[in-house]
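Structure first, commentary second.
The values are calculated or read from the model by the stated rules, or taken from the named source; none is laboratory data. Since the model is a prediction, treat every value here as computed from it, not as a measurement. Here the Cβ positions follow ideal geometry from the backbone for every residue, glycine too, while neighbour counts run over all protein chains shown.
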Amino acid sequence: MIRITTAILATSSIVLAEETLPNAHVLPTTKAIYELIKKNADLEAKDMKPYADKVALAENAEIELLPIPAGEFLIGSPDQEEKRETDEGPQQSVKVDAFWMAKVETTWNFYRPFMENGKNRNKDGTLNRDSNLTTSEAPEMKEGEVLIDTVTQPTPPYVPMHFSMGDGYSKEFPAVGVTQHAANQFCQWLSAQTGHFYRLPTEAEWEYACRAGTKTAYAWGDDASKMGDYAWFAENSEFQYQKVGTKKANDWGLHDMHGNVAELVLDQYLANSYESYKNGVSNPITPPTKRYPTSVRGGHWDADADQLRSANRSASTPDWKVRDPQIPKSIWYFTDAPFLGFRVVRPLKTPTLEEMHKAWNTGPGDSE
């Protein structure tokens, strides 16, 4: 954490009160993207309709977003098994504001150009101009550079991150082995190109969207025998991830919320997170204060049916980096997590500059 004062933004009409912000040295990049997003938001009608955003650095491929209406639901599981009493309960009534969510999990089509960004970068992802990979450099645009270059982006991976699954880095398969920090920075990279604010979903948003109005174990009901119609999991995946969007969608049109790859969310993982929620709370989140564990949702291609329930929660762990020989280990890759991916959301209400910065800079955290 770095102390930041109003002096950093003295030339801007945006003034932040003195406070602690994560990764404050990259705040100028956040500010530039914020101003672009705010301008677009002022010009756009706020109709909640499906839409697609073109991503220039992904060869103008379109990422599809579906509207998720505001509402209230019961987060967690009503089951009284010992684990679920602490991990998925107590059930609480939670309110969620409207947002858009990606129709499918983020694919290599979009993530690969972010990962293979073609720039010489320091370990922390800032541009390396002093030939010292361990330093962090100011996000300033030099001659021949553009705003997107100042977004912190990954160093090259140590191993092929497709893990020899599917068709390699095929655009139809989900990006995997991604840390929460990398996913957050991808969201900033995506926002800089589209002029729309993207981030990871909160746990509450994710479960609300997964349930799509249901109160059952799965989005289609309680019958696990129907799992094969909706999800890739241990019994049908052939022990690898599969193309996104090939199974049935839930009632709100979202594919692969159950299975295929587990999905990163914004929250710190606490076994008793819901105990701090008050019934009727709006947009709850457990802000991450350290690198591990963070919450992961949805189950994956190598998981059993019970792990794919709407309420199921799991936690990230340093063990997912065992094969990374670097000291310290990379903040960008989970070299032992071929089952882990993510999808993005866009809230209907444009956040403040401070909220935007925190959403993109919660990782990599202050400690392991």
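Structure above, values below:
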quantity: Subset of region 136-149 that is surrounded by fewer than 13 Cβ atoms within 10 Å (Cβ to Cβ) and among the hydrophobic types (A, V, I, L, M, F, W, C) - its residue that is nearest to Ala58 (Cα to Cα); calculated: Val146
quantity: Selection status of Ile327, among the β-branched types (Val, Ile, Thr), under 18 Å from the mean Cα position of the chain (by Cα) and either assigned to a loop (DSSP other than H, G, I, E, B) or at pLDDT 95 or above (or both); calculated: no
quantity: Any hit, region 244-253, residues being within 16 Å of the chain's Cα centre (by Cα), of a type outside the set (Ser, Thr, Tyr) and under 30 Å from Asn40 (Cα atoms); calculated: no
quantity: Verdict on Arg121 being surrounded by 23 or more Cβ atoms within 10 Å (Cβ to Cβ), basic (Lys, Arg) and closer than 30 Å to Asp319 by Cα; calculated: no
quantity: Total residues in region 150-182, condition of a type outside the set (A, V, I, L, M) and surrounded by fewer than 20 Cβ atoms within 10 Å (Cβ to Cβ); calculated: 13
quantity: Hits in region 299-318 - residues which are within 27 Å of Lys358 (Cβ to Cβ) and either touching a His at 6+ places or on another chain (Cβ under 6 Å) or in a helix (DSSP H, G or I) (or both); calculated: Pro318
quantity: Top-ranked residue of region 283-333 - restricted to ones that are of a type in the set (Gly, Ala, Ser) and more than 21 Å from Pro22 (Cα to Cα), ranked as surrounded by the fewest Cβ atoms within 10 Å (Cβ to Cβ); calculated: Ala315
quantity: Some residue of region 189-211 being at pLDDT 95 or above, over 30 Å from Leu27 (Cα atoms) and part of a loop (DSSP other than H, G, I, E, B); calculated: no
quantity: Members of region 24-67 found to be out of contact with any strand residue (DSSP E or B) (no Cβ under 9 Å at 6 or more places or on another chain), of a type in the set (Lys, Arg) and under 20 Å from Met101 (Cα atoms), listed by number; calculated: Lys38, Lys46
quantity: Matching residues in region 101-154 - criterion: being part of a loop (DSSP other than H, G, I, E, B), small (Gly, Ala, Ser) and on the phi < 0 side of the Ramachandran plot; calculated: Ser136, Ala138
quantity: When residues of region 40-63 are limited to those that are of a type in the set (A, V, I, L, M, F, W, C) and at pLDDT below 95, the one surrounded by the fewest Cβ atoms within 10 Å (Cβ to Cβ); calculated: Ala45
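Yes or no, residue by residue, for (1) within 14 Å of Trp206 (Cα to Cα); (2) at pLDDT below 95; (3) not acidic (Asp, Glu):
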site	(1), (2), (3)
Tyr241	no, no, yes
His258	yes, no, yes
Lys278	no, yes, yes
Ser295	yes, no, yes
His300	no, no, yes
Leu308	yes, no, yes
Ser314	yes, no, yes
